[in-house]
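The values are calculated or read from the model by the stated rules, or taken from the named source; none is laboratory data. This is a predicted model, so every value here is computed, not measured. A quick note on method: Cβ atoms are made from the backbone with ideal geometry, for glycine too, and the neighbour counts reach across all protein chains shown. Remember, those area values only see protein heavy atoms, side chains included, never the ligands or the DNA or RNA. Shrake-Rupley method; radii C 1.70, N 1.55, O 1.52, S 1.80 Å.
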Amino acid sequence: MRIGCPTEIKTREYRVGLTPRAAEEAIAAGHEVLVQAGAGAGAGFEDAAYQAIGAKIAGDAAEVFDWAEMIVKVKEPQPQERKMLREGQILFTYLHLAPDPEQTKDLLESGVTAIAYETVTDRAGGLPLLAPMSEVAGRLAPQVGAWSLQKANGGRGVLMGGVPGVGPAKVVVLGGGVVGTQAARVAAGMGADVTVLDLSLHRMRQLDDMFAREFRTRYSARGAVAEMIAEADMVIGAVLIPGAAAPKLVSRAQLSTMQPGAVLVDVAIDQGGCFETSKATTHDDPIYEVDGILHYCVANMPGAVARTSTIALGNATMPFMLALANKGWRQACEDDEHLLAGLNTHSGKLTYAAVGRALGIDVLSPRLALKV
């Protein structure tokens, strides 16, 4: 199979869809790899590293999209990239379609077979291709939140760990999954007073067993959320409904109950955000203020630590990428129901139910899509 990897063009996105190691494995399996010039530079992988293992270098994205049978990326295709997709081509990347009707429309019109990293599952019910970036984003969230809390950046001027005689920052984490757990661990490690809210009693028992000395848990009832955010210096949004739009857990009206200069870090922004006042920002301009509350809503947080993120993502995606290349998407998805769960569009049809519900679009069963 011809595997193409274009340079990411989302603002300040330095990750790359294929590491030289992944490209080498694909070539060893008999496939051809074409990487756009400079695609890996932001993550520390120069063109020479790809050429040394037998990959070819393309001068521009158009050459990659025109040549490749499968496009491997990191972020969702941008409007100019979506124009280059075609029916019969495989797109393997993060998509986050539920809050993005324009991208969904373009993918359906292209006829591309799009497999989303964030909806591929595993036997334990997890999301193995989302987890590495969730870990990165979760660990970054307290760091960017602490920076935002500094008075010079518009925040309350509160130090995460406090000092003798002065208490630490109060950090509330909404959601106890991968993002929330990593965020809570790092925030607690910085000395903050941390509480994680979740709806799953089972998950809270797990967190309490593992981290009782580091942070507390609390059931995420509406009243509890309202009470906790009113006292918080930082609120980290870490909720996830796989493939679906994130629920809005904090309304604009509730901002008036919060401490002036408090910070909201919305890690759920890729799925539309879990605060009513959230809107996607970039690393160039990451923070904005609403009613005296700072919002950090960068939609590609892991791009800030591109080398770590690229290697972690490549480790997770490589086996699936090889399966798609070795078998073709139909046989690979027929053999692996967890990879089939990643199928979001095929031949002009939407194939992921949660996206269909969010956008009001009819959905074709993934199993039926295998026969189209």
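General remarks:
- Ellipticity at 222 nm from helices only: DSSP H runs of n ≥ 4 in the chain, each -39500 (n - 2.57), divided by the residue count, give -10000 deg cm²/dmol.
- Measuring nothing but how far apart in sequence close Cα pairs (under 8 Å, 6+ apart) lie, relative to its length, the chain scores a relative contact order of 18 percent.
- When Trp147, Trp67, Trp329 are compared by accessible area of protein heavy atoms, the largest-first order is Trp147, Trp67, Trp329, using a 1.4 Å probe.
- Subtracting the Cα-Cα distance of Ala37 and Arg2 from their residue separation scaled by 0.36 nm leaves 10.9 nm.
- Taken as Cα centroids, region 267-287 and region 163-193 sit 20 Å apart, rounded to the nearest whole angstrom.
- Helices in the chain that qualify as membrane-span-like (whole DSSP H runs, Cα extent of at least 24 Å along the helix axis, mean Kyte-Doolittle hydropathy of 0.0 or higher) are 131-149, 306-327.
- Anisotropy class of region 59-114 from Cα gyration tensor, a/c 1.5 cut: prolate
- Full extension of the chain between Gln206 and Ala48 gives 52.3 nm of extra length, using 0.36 nm per residue less the Cα-Cα distance.
- Where both bridge residues fall in region 135-265, DSSP classifies roughly 5% of the beta bridges as antiparallel.
- Model label points for Trp67 and Ile361, set 7 angstrom from Cα along the Cα-to-Cβ axis, are 3.0 nm apart.
- Cα centroids of region 118-147 and region 302-372: 17 Å apart.
- The distance from the alpha carbon centre of region 38-63 to that of region 6-36 is 7 Å, rounded to a whole number.
- Dipole of the chain computed with +1 at Lys/Arg Cβ and -1 at Asp/Glu Cβ about the Cα centre; of Gln80, Ala253, Gly30, farthest Cα towards the positive end is Ala253.
- Beta bridges assigned by DSSP with both partners in the chain are antiparallel in approximately 20 percent of cases.
- Checked against a 30 Å cut-off, the cross-linked pairs Lys75/Lys327; Lys10/Lys170; Lys105/Lys327; Lys75/Lys170; Lys75/Lys371 give Cα-Cα distances beyond that limit for Lys10/Lys170; Lys75/Lys170.
- Local electrostatic count, Phe275, Cβ distance below 10 Å [Lys/Arg +1, Asp/Glu -1]: +1
- Region 1-154 shape via C-alpha gyration tensor axes, a/c threshold 1.5: prolate
- Taken over the chain, the convex hull of the Cα atoms encloses 136 Å³ per residue.
- Taking a ≥ b ≥ c as the square roots of the Cα gyration tensor eigenvalues, region 257-372 comes out oblate, since a/c reaches at least 1.5 and a/b does not exceed b/c.
- Chain lengthening between Ala224 and Ala353 when straightened (0.36 nm per residue, less Cα-Cα): 43.3 nm
- Calculated FRET efficiency for the pair Val166/Asp291, C-beta based, R₀ 22 Å, to 0.05: 0.25
- What the pair-distance distribution of region 312-372 shows, using all Cα-Cα distances binned every 10 Å from zero, is 22, 47, 27, 4 percent.
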